[in-house]
Amino acid sequence: MSEAQVSETTAGSSKGRPAKKAAKAGLFARIALFVRQIIGELKKVVTPTRKELVRYTLVVLVFVAIMMVIVSILDIGFGTAVSWVFGGVGPSDR
């Protein structure tokens with residue numbers, strides 16, 4: 001192994017990626033590689049069971065409901081505070 005090969009390999013592995021190739025692949029070769037990588041990633045996807053899907057849906061709905069309550073309380077509180085500070089129309093002014 002020559003010194004250039006060692007340093008190129010070492011430099012490529014120290015950054016967590018392979019060393020650069022001398023020539024770039026053509027446009028269609030890069031597109032084909034991209035499609036192969038997509039297919040490879042899609043094969044890793046695990047579809048949830050019906051029970052898991054129902055559980056995840058309920059968790060999301062409960063979380064959204066809780067967040068709606070929190071935001072509503074904050075909205076009413078800030079609205080009341082701004083109305084009180086700036087003298088807006090309040091219950092006693094009607």
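A few comments on the model shown:
- Lys/Arg +1, Asp/Glu -1 at C-beta; the stretch 18-83 dipole; positive extreme among VAL46, MET67, TYR56: VAL46
- Karplus-derived 3J(HN,Hα), 6.51/-1.76/1.60, for each residue of the stretch 37-43, Hz, glycine and proline x: 5, 4, 4, x, 5, 5, 5
- Sequentially through the stretch 47-63, phi angles give Karplus couplings (6.51, -1.76, 1.60; θ = phi - 60°) of 7, x, 6, 4, 4, 5, 5, 5, 4, 4, 5, 5, 4, 5, 5, 5, 4 Hz, Gly and Pro residues having no value and appearing as x.
- Packing, taken as the mean count of other beta carbons within 10 Å per residue, orders the peptides 33-45, 53-65 from highest to lowest as 53-65, 33-45.
Every number in this text was worked out from the coordinates using simple rules, so none of it is lab data. Just so we're clear, the structure is a prediction, and the values are computed from it rather than from any experiment. Glycine gets a Cβ as well: all are built from the backbone with ideal geometry, and neighbour counts include every protein chain shown.
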